[in-house]
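Report on the structure given below.
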Amino acid sequence: MYEILKQYEKVGERIISIDDLKELLGLNKSEYPSYNNFKRYVLDACQEALEKYTDIKFICEPTGKLGQGGKVYSLKFTILQNESLDELSLEDFIDMHGKDFEKPSEDVIETETVEFKSERLAFLAEACNKEFAESEMTVLHNLLIAIMPYAESKHFAANNKYKYETDLYDYLKRCYDELNLQSERREIKSRFGYLKKILDSALHEKTKSNA
């Protein structure tokens, strides 16, 4: 969602159909058929994560004509600067707010079951040993598909989305292994923040190479 909205930051808004948005997010059009569920588990989760971790935030509202039965087809995103993070680097932000992201103690992890509404995010969470919440996995998933979009994957021509999801899983697992390796060498206040930084760096390198 960050990449979908960030490129329209200067414009200040973006209107997009829900079907197109689902495709950009890597969701099947059949997922979250109810707008209320889509808003709750996707839009609200993304809104919370972007405002907490990135330099932009957004307001989202239905737009255009409603379909039969009041079905929502299109959304208008108003994109705003997240002023609370505007002057901070990612490293500074993590240092200042690291306590907000501290990993729970091992006994909490063993007794607490993390529930996911999205099967795709639940699958990817396995690559991170189910360490992160669904809102955090949403941010990681959006970065992954920006780094390796389906249209650029080796399985695109064969229309094999299952293997594409496996590729995303494998990529995330390698990044998570790097996180664990670095955590053995030094203290990492925010494990989620560090993993996001790895993916941010990969996306930056990809963008720079394509420029």
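Figures for the structure shown
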| quantity | calculated |
| --- | --- |
| Unsatisfied cross-links (Cα-Cα over 27 Å) in the set K22/K197; K117/K206; K71/K130; K173/K208; K10/K130 | K117/K206; K71/K130; K10/K130 |
| Karplus-derived 3J(HN,Hα), 6.51/-1.76/1.60, for each residue of segment 165-177, Hz, glycine and proline x | 4, 5, 4, 4, 4, 4, 5, 5, 4, 5, 5, 5, 5 |
| Global geometry of segment 2-81, whether rounded, prolate or oblate, following the gyration tensor of its Cα atoms and the 1.5 cut on a/c | prolate |
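Here, each number is a calculation from the coordinates, and none is a lab measurement. All of these numbers come straight from a predicted model, not from anything done at the bench.
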